[in-house]
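Notes follow the structure.
The values are calculated or read from the model by the stated rules, or taken from the named source; none is laboratory data. Everything quoted here is computed from the prediction, not taken from an experiment. Neighbour counts are summed over all protein chains in view; Cβ atoms, including those assigned to glycine, are modelled from backbone coordinates with ideal geometry.
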């Protein structure tokens, strides 16, 4: 059993829309692929060490324990279940576990959910070792399954979300509030972009730092509450054991000795009845805080009252850690029985904490004359601790509905006085249903960041939706938590379309966060350079506090490696599917490539924008659950689009008008001309048909995000294909007396689009092309690029990228040269360049007046600098008006004796003077 590959998907992916870990596993070394072949005892042993699997539901409706005992399950399924069971035993609430076999099942993908990357990966590795030990143990080298599981649980329990944090994110999910873990602990971002807030357990980004400091300083807090007339015990600060004893005598016994700034009941000694007890308690308190307080002992039960946003949301009576006698079991045995409760775990991993039998517990037992092997009477409650904290094994009984109104108002006033948005009041009283004025109850402590697990799953009583109250405070009804997300993918045009859309949104007044193949941009400024089209860059945008709208260019590589960095998008678009990157990342065919890129519209909520002229994107409509479907077509006779429009649905269609081609918007049975294509600078007066299509997609996405037509028109009219606005995407330079077009095109479809553009342009001189193909593409892809440019140019300069990507020196050029010759290109017109930089320089040197040079380059910044800094031998006309007149006369068939006149009134023919 070998793990061939491991992938961690952080968001929606091609296997599931939930985060998961994928193990590609080879099972061919095993004689049988089902569990039955290895004996029934394998299932029993597995269920013994992972009892949580027993009652897990299987997809066929049975319990997993029954499925395992019957044994008619693939080893891959068992491996997935073990990985899931390990994580759940550590407190992670993961659900997904399945196996997808390949071929005859000798290999396949083991898929399971995770909450923490490190604990999920560790669970996969440990699951394999456990399964091997169960079905194929090594003689003389037993694998210690129980010990390894214990070590794993200890490791993982520090990294999974605790019950309080888990309750909060579940409440966020119920309210459709997105969240992200910011570390391996409990620091969580709620919301996106400028709407984000943060929580860490029950501390929020709205929690006052001063209020937290007041709550931690028990002496200052008690004084503050006392000054407001709230019930608090008498309290004296003690410098040493003797001063503590004197303070106790002043207050009057019994007393409590506690740290001045402790938590979780650490270092607290209660019901001390003489000076010697106080002296012994002093060092215990001192070692758990920066100071020691002595205070009067308030009689009664310990209650926790939780206040959120100034209102009481839950109250519980807390019982210290204890066991109840059955008349025949020892205290040690009763503790073991109690710890079998699945709600109990290590520390804060579960709703209750495991009972311990340490020094403090032994001291409490000794005070009552008990030892661990003592047998208490049936029904007798034996305390193991004096304090009622859940972190030391205590339990909770809900009393929210029975608390007296005076006690409720007292708690709310106390939390407001301290200044906390979320606070816990530790309240001692003999009867919570009676006013503190009658019982003499008092506040013994105020807690910032209080634990909420006692309220979400009390030992007795009704659970309270504390997480919901916190979410309602942070995001009141009607308050946004999500920023609009526009996501797009496709084979070609992604970056240009993303830049167009981002520009439209910025012109409309939004602060745009954008991911692309060359950078993460925040409000038009580069944040991080590089290929930033994966989930990591998407999360950078969603975490930025300035961003109020996101434009996510999403590439195949990021989806294949790690899935999406967002769970949903508002508008998702797939521009096209054509041959590129095939043979890489386990994507071999166009159908597989389409399945990968389809994910973007699968997670679209509002609108899916699809290319109706591409069969692969057209078929994606069946896989989206978006409320609206918008088609893009350059063919006004597209039958599917025509029927779509008849139903009043949305589409953008390129149509012929009296003044050329225009983009027409159809929606709700209405027809609106958007704009003429020759008015979009990025289309080179409509000749760059691929950029016409990109503009249509950008317009459709902007319209679907609620922008007005005027905002869309303004954005498209002010976006051009300059290097500074769209580097490496059809950048045109006309200042050398010849035209240079620089493009990043690196696949057949992109190359063909640029060749089509060149054919649309009226070039009087010769045409030169600098051609290449990335080395990690297939030989057939290189040949396809060569065919696309064959017999279209006068000079072919073949080079390779700086990064050979696994190819030998000159290999790419040779394949391309051979194919050009095969297509009938004169060998004397083909030259091999050693590098991209050399190819650019040679093309510029060989170009003359009125020539056209088309350059396909990977190092676009370097190439653009070479173009701009080049010093040509022939300079263009110095007078721009003269150059414009020359261009007009070249494009229009002017009758003899006439000339072209152009001024503010328009363009017309006039007799030559």
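Of 11, 91, 39, 52, which residue is more than 30 Å from residue 566 (Cβ to Cβ), modelled with pLDDT under 95 and touching a helix residue (DSSP H, G or I) at 6+ places or on another chain (Cβ under 7 Å)? Write out each step before concluding.
On the way: 11 fails: more than 30 Å from residue 566 (Cβ to Cβ); 91 fails: more than 30 Å from residue 566 (Cβ to Cβ); 39 fails: touching a helix residue (DSSP H, G or I) at 6+ places or on another chain (Cβ under 7 Å).
Criteria check complete, one pass: 52.
Out of everything in segment 264-290 that is crowded, with 17+ Cβ neighbours inside 10 Å and in a loop (DSSP other than H, G, I, E, B), what residue ends up being modelled with the lowest pLDDT?
My answer is 265.
Run residue 390 past the list (1) modelled with pLDDT under 95; (2) over 18 Å from residue 458 (Cβ atoms); (3) surrounded by 14 or more Cβ atoms within 10 Å (Cβ to Cβ) and report the number of the one that doesn't hold.
Of (1) modelled with pLDDT under 95; (2) over 18 Å from residue 458 (Cβ atoms); (3) surrounded by 14 or more Cβ atoms within 10 Å (Cβ to Cβ), only one is false for residue 390: (2).
Kindly check whether there is at least one residue in segment 745-752 that is touching a strand residue (DSSP E or B) at 6+ places or on another chain (Cβ under 8 Å), buried (at least 19 other Cβ atoms within 10 Å of the Cβ) and more than 18 Å from residue 840 (Cα to Cα). Step through it out loud before you land on a result.
First, pick out the residues of segment 745-752 that are touching a strand residue (DSSP E or B) at 6+ places or on another chain (Cβ under 8 Å): 745-746, 750-751.
From what is left, the residues that are buried (at least 19 other Cβ atoms within 10 Å of the Cβ) are 745-746, 750-751.
Next, only the ones that are more than 18 Å from residue 840 (Cα to Cα) stay: 750.
Within segment 745-752, one or more residues are touching a strand residue (DSSP E or B) at 6+ places or on another chain (Cβ under 8 Å), buried (at least 19 other Cβ atoms within 10 Å of the Cβ) and more than 18 Å from residue 840 (Cα to Cα).
Where in segment 548-659 are the strands (runs of 3 or more DSSP E), entirely inside, with at least 3 residues that are surrounded by fewer than 23 Cβ atoms within 10 Å (Cβ to Cβ) and not assigned by TED's automatic domain parsing to the domain that holds residue 493? Step through it out loud before you land on a result.
Working: elements: 549-553, 569-574, 604-611, 628-633, 650-657.
Where strands (runs of 3 or more DSSP E) fall fully within segment 548-659 and carry at least 3 residues being surrounded by fewer than 23 Cβ atoms within 10 Å (Cβ to Cβ) and not assigned by TED's automatic domain parsing to the domain that holds residue 493, they are 650-657.
Counting only residues that are in contact (Cβ under 8 Å) with a residue 24 or more places away in the chain and out of contact with any helix residue (DSSP H, G or I) (no Cβ under 6 Å at 6 or more places or on another chain), give me the helices (runs of 4 or more DSSP H) lying completely in segment 395-457 with at least 1 of them. Don't jump to the end; show me each part of the working.
Working: elements: 405-418, 436-439, 453-456.
Those helices (runs of 4 or more DSSP H) span 405-418, 436-439.
Does segment 404-420 hold any residues that are surrounded by fewer than 22 Cβ atoms within 10 Å (Cβ to Cβ) and in contact with a strand residue (DSSP E or B) (Cβ under 7 Å, 6 or more places away or on another chain), and which are they?
Taking segment 404-420 as the starting set, the residues that turn out to be surrounded by fewer than 22 Cβ atoms within 10 Å (Cβ to Cβ) are 404-406, 408-409, 412-413, 416-417, 419.
Matches in segment 404-420: 408, 412.
Taking helices (runs of 4 or more DSSP H) that fall entirely within segment 732-826, which contain at least 2 residues that are under 12 Å from residue 854 (Cα atoms) and touching a residue at least 24 places away in the same chain (Cβ under 8 Å)?
Details: elements: 748-760, 779-789, 811-822.
Hits in segment 732-826: 748-760.
From (1) within 15 Å of the chain's Cα centre (by Cα); (2) at pLDDT below 95; (3) more than 18 Å from residue 705 (Cα to Cα), pick out the condition that doesn't hold for residue 543.
All conditions pass for residue 543, except number (2).
Just the residues that are closer than 17 Å to residue 413 by Cβ and assigned to a strand (DSSP E or B), please, taken from segment 299-313.
Taking segment 299-313 as the starting set, the residues that turn out to be closer than 17 Å to residue 413 by Cβ are 303-313.
Those that are closer than 17 Å to residue 413 by Cβ and assigned to a strand (DSSP E or B): 303, 304, 305, 306, 307, 308, 311, 312, 313.
When only residues in segment 311-347 that are modelled with pLDDT of 90 or more and in contact with a helix residue (DSSP H, G or I) (Cβ under 6 Å, 6 or more places away or on another chain) count, which is nearest to residue 380 (Cα to Cα)?
316
Restricting to segment 264-304, count the residues that are in contact with a helix residue (DSSP H, G or I) (Cβ under 7 Å, 6 or more places away or on another chain), free of Cβ contacts under 8 Å to residues at least 40 places away in the same chain and more than 19 Å from residue 219 (Cβ to Cβ).
Residues that pass the stated criteria total 2.
Could you count how many residues in segment 827-861 are touching a helix residue (DSSP H, G or I) at 6+ places or on another chain (Cβ under 8 Å), modelled with pLDDT of 90 or more and not in a helix (DSSP H, G or I)? Before you say what the answer is, go through the steps one by one.
Going through segment 827-861, the residues touching a helix residue (DSSP H, G or I) at 6+ places or on another chain (Cβ under 8 Å) turn out to be 827, 830-833, 836-837, 840-841, 844, 852-859.
Imposing the further condition that a residue be modelled with pLDDT of 90 or more reduces the set to 827, 830-833, 836-837, 840-841, 844, 852-857.
In the following step, the residues that additionally are not in a helix (DSSP H, G or I) were identified as 830-833, 852-857.
Residues meeting the conditions: 10.
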